[in-house]
């Protein structure tokens with residue numbers, strides 16, 4: 001019984017300690033929002049280029065919740081101060097990586113003292129397998145999910161005043177919901193500010209919105 005309890009505890013610890021690496025990059029127009037968005041800022045939310053309207057609706061709900069948790073207000077487009085556009089897309093990425101490859105070489109000749117069948121010592125020749133390690137390029141292909149958000153002033157739909165993107169590797173490219181919270185969490189951490197450069201954050205399930 002103790003063995004099963006210990007196994008369950010280990011599995012629970014493993015599940016809780018699993019992290020997802022998310023790349024985050026955000027830009028901010030300091031002239032327009034030098035201190036980020038004001039506490040009384042109002043937004044309308046607009047999904048872009050989504051073929052699944054139910055997924056777009058679910059994502060809109062999550063974004064609305066995140067905005068309201070930060071004290072912002074979500075209104076209809078004609079009444080809002082800012083327009084928030086978002087898009088969630090799957091991507092297939094290919095990279096060239098260097099992998100180790102063993103190249104056989106002529107066997108090495110060695111001499112050792114060993115006992116024969118009569119227990120006498122004799123000097124005997126052996127051949128030892130030999131190889132060298134070389135680096136060879138290999139194409140590594142994987143799937144990623146990316147969420148991008150852009151914020152515009154309601155009166156200017158061409159020039160964003162804030163833009164953020166977050167992406168991570170995914171196992172199932174057909175279900176964009178699986179990692180959506182991992183993308184939205186860091187985007188709202190830097191909402192209205194600049195990351196200065198692309199950064200990587202490691203998130204656990206307890207860190208999510």
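Of the residues 29, 52, the single one that is more than 22 Å from residue 161 (Cα to Cα), within 29 Å of the chain's Cα centre (by Cα) and surrounded by 12 or more Cβ atoms within 10 Å (Cβ to Cβ) is 52.
Taking region 48-74 as the range and being closer than 20 Å to residue 176 by Cβ and in a loop (DSSP other than H, G, I, E, B) as the test, the residues that pass are 48, 49, 50, 51, 52. Total residues in region 24-47 satisfying the condition of being assigned to a loop (DSSP other than H, G, I, E, B) and closer than 14 Å to residue 152 by Cα: the figure is 7. Only one entry of 39, 68, 58 meets the criterion of being in contact with a strand residue (DSSP E or B) (Cβ under 8 Å, 6 or more places away or on another chain) and either under 17 Å from residue 188 (Cβ atoms) or in the same structural domain as residue 186 (by TED's automatic domain parsing) (or both), and that entry is 68. Return yes or no: is residue 131 in contact (Cβ under 8 Å) with a residue 40 or more places away in the chain and in contact with a strand residue (DSSP E or B) (Cβ under 9 Å, 6 or more places away or on another chain)? Criteria not met by residue 131.
Could you say whether any residue in region 119-128 is out of contact with any strand residue (DSSP E or B) (no Cβ under 6 Å at 6 or more places or on another chain), more than 28 Å from residue 66 (Cβ to Cβ) and surrounded by 10 or more Cβ atoms within 10 Å (Cβ to Cβ)? Within region 119-128 (the criterion being out of contact with any strand residue (DSSP E or B) (no Cβ under 6 Å at 6 or more places or on another chain), more than 28 Å from residue 66 (Cβ to Cβ) and surrounded by 10 or more Cβ atoms within 10 Å (Cβ to Cβ)), the answer is yes, since at least one residue qualifies. Could you please let me know if residue 18 is surrounded by fewer than 17 Cβ atoms within 10 Å (Cβ to Cβ), modelled with pLDDT of 95 or more and touching a helix residue (DSSP H, G or I) at 6+ places or on another chain (Cβ under 9 Å)? Considered against the rule, which asks whether it is surrounded by fewer than 17 Cβ atoms within 10 Å (Cβ to Cβ), modelled with pLDDT of 95 or more and touching a helix residue (DSSP H, G or I) at 6+ places or on another chain (Cβ under 9 Å), residue 18 comes out as no. Report whether or not residue 85 is in contact with a helix residue (DSSP H, G or I) (Cβ under 7 Å, 6 or more places away or on another chain) and under 17 Å from residue 165 (Cβ atoms). Against the criterion (in contact with a helix residue (DSSP H, G or I) (Cβ under 7 Å, 6 or more places away or on another chain) and under 17 Å from residue 165 (Cβ atoms)), residue 85 does not qualify. The selection criterion, being touching a residue at least 12 places away in the same chain (Cβ under 8 Å), at negative phi and within 24 Å of the chain's Cα centre (by Cα), does not hold for residue 82. Of all residue pairs spaced 6 or more apart or on separate chains, those with beta-carbon atoms under 7 Å, a first member in region 88-107 that is in contact (Cβ under 8 Å) with a residue 40 or more places away in the chain and a second member that is not in a strand (DSSP E or B) are 88/59; 88/176; 88/180; 90/173; 90/176.
The strands (runs of 3 or more DSSP E) found entirely in region 109-209 that carry 3 or more residues being over 30 Å from residue 81 (Cα atoms) are 121-153, 199-203.
The values are calculated or read from the model by the stated rules, or taken from the named source; none is laboratory data. These numbers were taken from a predicted model, which means no experiment stands behind them. Glycine also receives a Cβ, built like all others from the backbone with ideal geometry; neighbour counts cover every protein chain displayed.
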